[in-house]
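Have a look at the structure below, then the notes.
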Amino acid sequence: MEFCPECGTVMFPKDDKFTCQNCGFTEEVTEESKSSYNVSEELNQEETVIVTDNNINTLPTIKAICPKCGNKLAFWWLQQTRRADESETRFLRCTECEYTWREYD
């Protein structure tokens, strides 16, 4: 996964660029990023949850200090980003500045 260096949001490939849907930052897709990012058109709707917009106010919140602005409250969600035998990745997004970061168990 590619993360935006400006705001920390997950960037998705579009044409030959990674594009941040939050702040509009773009980055060219390189051979190196192609090898680490596998794009598949197949989605299993029952098992896949991808947050693609800023309307995440329905997600649960947790007390966590934002590394960017110091706010003490964040939305959180879990996503399987590695092999199935490894733990899920916890994503957090600041309720104030919308900076997104991740934590591993």
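The values are calculated or read from the model by the stated rules, or taken from the named source; none is laboratory data. It should be emphasised that the depicted structure is a prediction, and the values quoted were computed from it without experimental measurement. Every residue, glycine as well, gets a Cβ built from its backbone with ideal geometry; the counts of neighbours run over all protein chains shown.
When the range 16-33 is examined, which residues are found to be under 18 Å from the mean Cα position of the chain (by Cα) and either modelled with pLDDT under 75 or under 11 Å from E6 (Cα atoms) (or both)?
Within the range 16-33, C20, N22, C23, G24, F25, T26, S33 qualify.
Go through the range 67-98 and give me each residue that's surrounded by 16 or more Cβ atoms within 10 Å (Cβ to Cβ) and on the phi > 0 side of the Ramachandran plot.
E98
Could you please find all residues in the range 57-66 being surrounded by 11 or more Cβ atoms within 10 Å (Cβ to Cβ) and in a loop (DSSP other than H, G, I, E, B)? Show your work before the answer.
Step one: list which residues in the range 57-66 are surrounded by 11 or more Cβ atoms within 10 Å (Cβ to Cβ), which gives 59, 61-62, 64-66.
Scanning the range 57-66 gives L59, A64, I65, C66.
Which of the residues spanning the range 73-100 are closer than 24 Å to E6 by Cα, at pLDDT below 90 and over 15 Å from the mean Cα position of the chain (by Cα)?
Listed by number, the list is empty, since nothing qualifies.
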